[in-house]
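The values are calculated or read from the model by the stated rules, or taken from the named source; none is laboratory data. Nothing here was measured: the structure is a model prediction, and the numbers come from that model. Methodologically, a virtual Cβ is constructed for each residue, glycine included, from the backbone with ideal geometry; neighbour enumeration extends over all protein chains shown.
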Amino acid sequence: MSKFLSERLSGLKEYIPGEQPKDMQYIKLNTNESPFDPPPEVMQAATQNRAANLRLYPEPDCTELTKALACRYNVDSSNIILGNGSDEILSFCFAAYFDAKSKVIFPDITYGFYKVFGDLYGSDYTEVPLDSGLNIDTADYIGCNKNIVIANPNAPTGIALPLSDIEKIAASNPDNIVVIDEAYVDFGGESCVPLIKKYSNLIVVMTFSKSRSLAGARVGLAIADSQLIADLNKIKYSTNPYNINSMSQQAAAAALSCEQYYTDRIREIIDTRAEFCRGLDRLGFEYLPSSANFVFAKKDGTDGQTLYLKLKEKGILTRHFASPRISDYLRITIGTRRQMETLLSALSEITEDIQ
Ligand SMILES: *Cc1c(COP(=O)(O)O)cnc(C)c1O
């Protein structure tokens with residue numbers, strides 16, 4: 001850090017992304033990417049006739065992609081904003097609404113970026129503890145009269161709240177913003193997008209990074225009441241109007257025309273998750289009920305850090321969080337069937353010593 005860094009930022013603890021080591025070919029189950037390539041139509045759309053277009057700025061309002069999304073989610077184009085990944089959308093939300101004068105709450109165990117944005121934007125935030133089973137207790141949020149950010153399904157637990165709970169939270173806090181981060185909703189959650197017509201305080205955040213195999217394209221979005229979208233556009237046009245490059249706009253729009261492909265791949269992930277959990281049962285692991293493309297698992301007699309290191313030695317990357325209450329756990333992305341079988345054999349070898 002240099003002596004020039006703003007004093008306000010000198011204590012900021014930045015987000016630490018999952019490692020992307022290049023020293024060898026790992027089975028990569030640490031950042032919840034899809035193990036499947038996007039369909040050929042998406043690759044073609046990203047590159048076809050685009051060389052000339054790279055000379056030009058991309059469309060700031062992502063017209064075609066926004067239209068396709070409006071059609072897909074049965075909302076108006078004025079209910080949608082695109083971001084450079086949903087991380088940027090979340091950043092816009094914190095910048096727009098959560099300052100030092102407005103309280104915002106989110107779970108103590110959740111997506112690490114909420115706290116980072118809270119610090120970056122000087123939000124008055126509080127982390128609300130999950131219950132002993134690592135569930136969100138909705139009672140903490142109903143009628144709390146604070147702004148709220150919830151990942152549903154939550155990460156890294158994978159546990160989803162029912163739509164009825166999200167509705168109670170939005171309905172009982174009409175004077176506060178409720179952000180629901182649905183990064184993993186396609187793997188078993190219930191989307192609350194239909195509720196935006198009823199609740200003008202609700203912002204639903206989604207991404208193409210996980211279920212649509214486009215993490216590298218950086219495309220995320222929010223769906224909300226058009227006045228909230230106007231607020232978020234104010235931030236976007238005050239920072240980076242051209243936030244989605246033209247190739248990514250094309251790729252994401254093409255992805256929306258390949259619904260069947262993605263439905264089949266998502267089904268495969270869900271089935272593989274169930275098979276993998278049965279394998280964990282056989283090995284005596286405990287795990288949380290996942291509605292996401294990852295499983296949060298632990299085993300008595302060992303800790304997450306040890307398991308993480310031994311798996312890495314065997315060429316398998318998983319994610320370990322050295323935080324209180326969850327340091328025994330590993331967050332394991334669901335890969336292909338073959339990758340998960342390799343992982344189960346590795347876990348079997350590693351844990352033989354500790355049975
Ligand atoms: C992965 C993830 C995101 C960020 O995804 P982008 O790649 O920035 O779209 C947001 N929220 C949660 C809970 C995530 O796990």
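Which count do you get for residues in region 324-352 that are among the basic types (Lys, Arg) and either outside the structural domain of Gly304 (by TED's automatic domain parsing) or part of a helix (DSSP H, G or I) (or both)? Matching residues across region 324-352 total 2. Just to check your reading of the model, which residue among Ile142, Ile150 is over 20 Å from Phe92 (Cα atoms) and not charged (D, E, K, R)? That would be Ile142, the only listed residue that is over 20 Å from Phe92 (Cα atoms) and not charged (D, E, K, R). Among the residues of region 32-48, is there at least one that is touching a strand residue (DSSP E or B) at 6+ places or on another chain (Cβ under 8 Å) and away from the ligand (no atom under 16 Å from the Cβ)? No, region 32-48 contains no residue that is touching a strand residue (DSSP E or B) at 6+ places or on another chain (Cβ under 8 Å) and away from the ligand (no atom under 16 Å from the Cβ). Glu167 meets the conditions (1) farther than 16 Å from Tyr141 by Cβ; (2) modelled with pLDDT of 95 or more in every case but one. The failed one is (1).
One line per residue, one yes/no per condition, for (1) on the phi > 0 side of the Ramachandran plot; (2) out of contact with any helix residue (DSSP H, G or I) (no Cβ under 8 Å at 6 or more places or on another chain); (3) loosely packed, with under 15 Cβ neighbours inside 10 Å; (4) assigned by TED's automatic domain parsing to the domain that holds Lys197:
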| position | (1), (2), (3), (4) |
| --- | --- |
| Glu7 | no, yes, yes, no |
| Ile80 | no, no, no, yes |
| Gly83 | no, no, no, yes |
| Thr110 | no, yes, no, yes |
| Phe117 | no, no, no, yes |
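Hey, any hits in region 58-80 for a residue that's within 16 Å of the ligand (Cβ to nearest atom) and under 30 Å from Cys144 (Cβ atoms)? Yes, because at least one residue in region 58-80 is within 16 Å of the ligand (Cβ to nearest atom) and under 30 Å from Cys144 (Cβ atoms). Checked against the criterion of being farther than 28 Å from Val178 by Cα, surrounded by 17 or more Cβ atoms within 10 Å (Cβ to Cβ) and at pLDDT 95 or above, the candidates Ala274, Ala254, Ala217 yield just one match: Ala254. Looking across Ala155, Ala160, Ala95, Ala151, one residue alone is within 16 Å of the ligand (Cβ to nearest atom), of a type in the set (Gly, Ala, Ser) and in contact with a helix residue (DSSP H, G or I) (Cβ under 6 Å, 6 or more places away or on another chain). It is Ala95.
Counting only residues that are of a type in the set (A, V, I, L, M) and without any contact (Cβ under 8 Å) to a residue 60 or more places away in the chain, which one in region 195-229 is nearest to the ligand (Cβ to nearest atom)? Step through it out loud before you land on a result.
So the first thing to find is which residues in region 195-229 are of a type in the set (A, V, I, L, M), and the list is 195-196, 202-206, 214-215, 217, 219, 221-224, 228-229.
Then keep just the ones that are without any contact (Cβ under 8 Å) to a residue 60 or more places away in the chain; that gives 195, 202, 204, 228.
Working: Leu195: 19, Leu202: 17, Val204: 12, Leu228: 18 Å.
Per the stated criteria, the residue is Val204.
The set of residues in region 147-182 being among the acidic types (Asp, Glu) and in a helix (DSSP H, G or I) consists of Asp165, Glu167. Among the conditions (1) within 27 Å of Arg8 (Cβ to Cβ); (2) surrounded by fewer than 20 Cβ atoms within 10 Å (Cβ to Cβ); (3) at pLDDT 95 or above, Ser102 misses just one, which is (3). Each residue in region 120-129 was checked for being buried (at least 17 other Cβ atoms within 10 Å of the Cβ) and either closer than 17 Å to Ala95 by Cα or within 11 Å of the ligand (Cβ to nearest atom) (or both), and 4 of them qualify. Among residues that are among the polar types (S, T, N, Q), within 26 Å of Gln260 (Cβ to Cβ) and outside the structural domain of Ser246 (by TED's automatic domain parsing), Asn32 is included.
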